[in-house]
Every structure is written in C-alpha cells, then in structure tokens.
Amino acid sequence: MSDGQATTGKGPAGKRPWPRENPQGAAQLDRERAIVELKRFLDLALREMGLAVEYEIQTQTPAANASGEPEVAVVFRGADEALLLERNAELLLALEHVAHRWLRLDPRLHDHVRFDCGEYRATRLEELKLSARVAAQRVRETDQPFRFNPMSSRERRIIHLELNGAAGVRTVSEGAGDRRQLVIYPASKK
C-alpha cells in the first residue's frame with residue numbers, strides 16, 4: 001500500500017501487528033499487518049452489531065505524521081453514523097478501544113490508529129484547543145487557576161500540548177482514574 005492511500009473492503013486473516021522495537025526502544029506500528037487485522041475486526045464487529053456503516057482505512061507515513069495525524073485512520077460513513085456519535089461518540093470510541101485490544105497495540109501506539117465519523121475527532125480537537133486558549137487567557141487575567149471537568153488522558157494531553165510553552169501559565173493533571181482533571185495554573189504560583 002502506498003502512503004496516503006485509502007483501502008476498503010475485506011482482507012485476509014493475518015498476523016497481529018506486534019510493534020517492532022527500533023534501536024532507540026520506541027515502538028513502531030506495522031501498518032500493513034494492522035490494516036489486515038483492522039479489516040478482519042471491523043468486518044466481524046460491524047456484521048455482528050448490525051450497524052449500517054461502511055469504513056475506509058486511510059494511511060500516512062510516520063514522517064508525514066508530525067502534525068499529529070494518525071498513521072492509520074478508519075473513517076465511518078453510513079445510515080448509522082448517528083449511533084456511533086451518540087453520547088460524545090461513546091460507541092465510536094469503544095470500537096476504537098476494542099480495535100486497539102484486537103491489534104494488541106502497545107499503549108504508546110494508540111494514537112497511531114484512530115477512528116472517526118462525521119469529522120467528530122477533528123471538531124473535538126479544535127474545541128479542546130480553543131477551550132485551552134480561552135482558559136489560559138482567563139488564568140492570565142485573573143491570576144486564579146482554572147480546573148477543567150474530568151476528561152480522558154487523550155483530551156488532557158491535547159490541552160497540555162496546546163499550552164506547552166504558553167506565556168504565564170502551566171498545566172497539571174490532578175486526581176485519579178476517571179475523575180482525573182487538567183488544571184491551568186498561573187506560572188507564578190506553585
């Protein structure tokens with residue numbers, strides 16, 4: 001498969017895309033095997049769930065991935081898109097989670113395989129970045145910390161990255177488990 005190419009349909013069963021270790025110890029995704037296994041998983045899951053959606057698998061090279069885009073993106077379209085996106089895309093994110101387990105992905109590789117539907121992920125990403133900038137400005141103006149509602153580690157990471165190096169503020173994750181929150185503090189307060 002060439003880079004930037006999209007595939008659809010069913011694929012033959014293959015080996016699990018175990019991450020290969022490079023000499024520096026960072027995990028690398030075996031994209032070809034991941035795609036084969038994703039097709040196998042999605043064909044089974046969508047058939048058994050009776051969801052009226054189709055999927056397209058899109059790929060990018062890791063070098064082109066510097067913008068934060070995944071190496072493998074699965075995009076859903078069809079009559080049951082609304083089901084995937086109900087309750088803040090709970091079903092979409094659950095399918096993605098189960099796919100990560102099916103692929104036996106190293107947790108460091110979870111951001112390399114992403115599911116989306118109706119541009120939900122792109123919209124949510126922009127919402128989080130805007131919220132981060134607005135909250136940081138509020139912290140600068142009031143000199144008071146701002147605490148976000150509990151959110152997933154992925155969403156907290158997006159805000160941390162958005163405000164990394166921002167003048168006058170620093171970010172910290174506090175709490176435990178599903179109650180973990182991101183807090184923006186004035187840089188002057190410890």
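The values are calculated or read from the model by the stated rules, or taken from the named source; none is laboratory data. On a predicted model such as this, the values are computed, not experimentally measured, just so you know. In this analysis, Cβ positions are derived from the backbone assuming ideal geometry, glycine residues included, and neighbour counts consider all displayed protein chains. The accessibility values were calculated without ligands, DNA or RNA, using every heavy atom of the protein model including side chains. Shrake-Rupley method; radii C 1.70, N 1.55, O 1.52, S 1.80 Å.
Considering 109, 85, the condition of being under 17 Å from the mean Cα position of the chain (by Cα) and either free of Cβ contacts under 8 Å to residues at least 24 places away in the same chain or within 24 Å of residue 28 (Cα to Cα) (or both) is satisfied by 109 alone. Out of region 66-84, which residues are among the small types (Gly, Ala, Ser) and in a helix (DSSP H, G or I)? Of everything in region 66-84, those that are among the small types (Gly, Ala, Ser) and in a helix (DSSP H, G or I) turn out to be 66, 67, 82.
Tell me whether region 117-138 contains one or more residues that are open to solvent by 40 Å² or more (accessible area, probe 1.4 Å), of a type outside the set (Asp, Glu) and in contact with a Pro (Cβ under 7 Å, 6 or more places away or on another chain). Within region 117-138 (the criterion being open to solvent by 40 Å² or more (accessible area, probe 1.4 Å), of a type outside the set (Asp, Glu) and in contact with a Pro (Cβ under 7 Å, 6 or more places away or on another chain)), the answer is no, since none of the residues qualifies. On the basis of being open to solvent by 20 Å² or more (accessible area, probe 1.4 Å), farther than 29 Å from residue 150 by Cα, at pLDDT below 95 and outside any loop (DSSP other than H, G, I, E, B), does residue 13 make the cut? The answer is no for residue 13. May I ask you to verify whether residue 45 is open to solvent by less than 20 Å² (accessible area, probe 1.4 Å), among the small types (Gly, Ala, Ser) and either closer than 22 Å to residue 129 by Cβ or at pLDDT 95 or above (or both)? Yes: the conditions hold for residue 45. Could you tell me whether residue 61 is within 30 Å of residue 36 (Cβ to Cβ) and exposed (fewer than 14 other Cβ atoms within 10 Å of the Cβ)? So residue 61 passes the test. Does region 156-181 hold any residues that are open to solvent by less than 70 Å² (accessible area, probe 1.4 Å), in contact (Cβ under 8 Å) with a residue 12 or more places away in the chain and part of a helix (DSSP H, G or I), and which are they? Across region 156-181, the qualifying residues are 156, 158, 159, 160, 162, 163.
Can you pull out the residues in region 85-126 that are part of a loop (DSSP other than H, G, I, E, B), charged (D, E, K, R) and over 19 Å from residue 157 (Cβ atoms)? Within region 85-126, 104, 119 meet the criteria. Residue 182 passes every criterion in (1) out of contact with any His (no Cβ under 8 Å at 6 or more places or on another chain); (2) more than 28 Å from residue 59 (Cβ to Cβ); (3) of a type in the set (A, V, I, L, M) apart from (1).
Looking across region 27-43 at every residue that is part of a helix (DSSP H, G or I) and not charged (D, E, K, R), the one that is farthest from the chain's Cα centre (by Cα) is identified as 36. When the residues of region 139-155 are filtered to those that are modelled with pLDDT of 95 or more and in a helix (DSSP H, G or I), the one that is nearest to residue 89 (Cα to Cα) is 139. Only residues that are open to solvent by 10 Å² or more (accessible area, probe 1.4 Å), in contact with a helix residue (DSSP H, G or I) (Cβ under 9 Å, 6 or more places away or on another chain) and among the hydrophobic types (A, V, I, L, M, F, W, C) were counted in region 74-92, giving 3.
Just one of (1) touching a Leu at 6+ places or on another chain (Cβ under 6 Å); (2) closer than 19 Å to residue 154 by Cα fails for residue 80. It is (2).
Cβ-Cβ distances below 9 Å connect the following pairs, each with a first residue in region 27-46 that is touching a residue at least 12 places away in the same chain (Cβ under 8 Å) and within 17 Å of residue 60 (Cβ to Cβ), a second residue that is small (Gly, Ala, Ser) and surrounded by 18 or more Cβ atoms within 10 Å (Cβ to Cβ), and a separation of six or more residues or different chains: 38/99.
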